[in-house]
1. Considering only residues that are outside any helix (DSSP H, G or I) and among the small types (Gly, Ala, Ser), which ones fall in segment 146-182?
2. Within segment 338-351, is even one residue within 19 Å of the chain's Cα centre (by Cα), of a type in the set (D, E, K, R) and either under 30 Å from Val251 (Cα atoms) or not assigned by TED's automatic domain parsing to the domain that holds Gly144 (or both)?
3. I'm checking my understanding of the structure. Among residues of segment 141-182 that are of a type in the set (Ser, Thr, Tyr) and under 25 Å from Lys197 (Cβ atoms), which one is surrounded by the most Cβ atoms within 10 Å (Cβ to Cβ)?
4. Applying the selection to segment 86-118, what residues are part of a helix (DSSP H, G or I) and either at positive phi or in contact with a Lys or Arg (Cβ under 6 Å, 6 or more places away or on another chain) (or both)?
5. Only residues in segment 155-182 that are more than 24 Å from His383 (Cα to Cα) count as the first member; pair them with residues that are surrounded by 19 or more Cβ atoms within 10 Å (Cβ to Cβ) and among the small types (Gly, Ala, Ser), Cβ under 6 angstrom, at least 6 apart or cross-chain, and list the lot.
6. Run down Lys268, Lys257, Lys277 and say which single residue is out of contact with any strand residue (DSSP E or B) (no Cβ under 8 Å at 6 or more places or on another chain) and either farther than 20 Å from Thr126 by Cβ or in contact (Cβ under 8 Å) with a residue 24 or more places away in the chain (or both).
7. Can you pull out the residues in segment 98-118 that are more than 9 Å from Tyr281 (Cβ to Cβ) and charged (D, E, K, R)?
8. Out of curiosity, is Gly103 small (Gly, Ala, Ser), surrounded by 13 or more Cβ atoms within 10 Å (Cβ to Cβ) and closer than 17 Å to Glu19 by Cα?
Amino acid sequence: MNLFRNLSDIDKSKYFIAEYKVKSTTTLRDAAWNIAIGQSVGNPNVRNEWESDELFENYSCKIIGDEAKLSAVKNGKVKIAFPVINTDWQTDGISHLLCQLMGGHVDIEIIKSCRLVGLKLPKSVTKNFLGPKYGISGFRKYTGQYDKPLFGSIVKPKIGLTPDKLLDMVKQMVDGGVDFIKEDEIMSNPVFCPLEKRVGMISNYLANQSRKVVFCHTINADPHVIVDRVKSVYNAGGTGVHINVWSGLGVYNSIRKLDLPMFLHFQKSGDRVFTDKKNKYSISWSVVCMLAGLMGVDTIQTGMIGGGYSDDDEVELKKAMKILLKHNVTPVLSCGFHPGLVDKVTGLVGKDYMANVGGAVHGHPMGTIGGARAMRQAIDGTHGIEYQQAIQKWGLAQ
């Protein structure tokens, strides 16, 4: 039984290819063997009467590379080809894909670390996913904002507001010039500000404004609830939903397949539990971004450069943004953004992103409406008193 193949021997329409960075106690060959068999047909090193050569040929993963070379090293990168036929892509979806990619092999003793760093899916797989309903092109068309970064803002405080107070805040943000507002990840359906009440209030207000603003309501919940929440937000006139990563990666696919005319926001807070490269077992953020684009999110919290409390690796952030824009997804830069960062960040990454601002809007010396105007002025290049006060408070990044 030979599972080792040259890449040229792999039928790309019948396999998806995952690339891992692996450390083994024995050899990279042994680690690859454990991944390939363990994540397809069964126990890596115990055969049984039910396994045939035909079964292995059709349903086992294949290892791409030279067996002798992989046997000579303990650590390095290895590519594994997974049979497309093992998955019902319409119903198994992203959840089962991740089960195969990062499943039982992380429990195997000889594999001391394993990071998924790359993933290539054939058209036979990607055709089963819808991609963004709107994406950055649709967002620009909806809001009428072109040739500049988009301006998003965040409800702060995260929790504790009544629906009336929330609406008062939204009015100031809209008057200040935002394109996008999202509730923060902590607020889903608290008794003092229930989703059912606040969606109608906010959607009715926004529907009567002279310009269009996207509002994403947080609907974090378990699977048996979350799809119904999307429908209820839509039926109440809502324009978008915000879902934190802990509701499950597959949920974005489930919501997108409803194909409702709503914006879908992916919020990443907490992702480093499974994406941080310092973890022994992890998934590259760029792979998650690719999957997000495939599933069809419109906007995704991507990272931040030079933020007040978040400053990601510039190379990695640009890589993620490139992947997202290829899928027409809006990269959202957030966590410490303020007016004095707009020119610097735009100079580094270009204009196709959203500047999402919370603290520097609501913490402005002139209040929420002043903070919103300051960011609007920073993006539009019309520097009024609100902008000047923001620069005085937070500085101008060079």
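1. Correct list: Gly152, Ser153, Gly160, Gly177.
2. Checked segment 338-351: no residue is within 19 Å of the chain's Cα centre (by Cα), of a type in the set (D, E, K, R) and either under 30 Å from Val251 (Cα atoms) or not assigned by TED's automatic domain parsing to the domain that holds Gly144 (or both).
3. Ser153
4. Gly93 - this is the single residue of segment 86-118 that is part of a helix (DSSP H, G or I) and either at positive phi or in contact with a Lys or Arg (Cβ under 6 Å, 6 or more places away or on another chain) (or both).
5. These pairs meet every condition: Lys156/Gly358.
6. Lys257
7. Asp107, Glu109, Lys112
8. Yes; evaluated as a whole, the condition is true for this residue.
The values are calculated or read from the model by the stated rules, or taken from the named source; none is laboratory data. These numbers were taken from a predicted model, which means no experiment stands behind them. Using ideal geometry, Cβ is built from the backbone for each residue, glycine included, and neighbour counts are taken over all protein chains shown.
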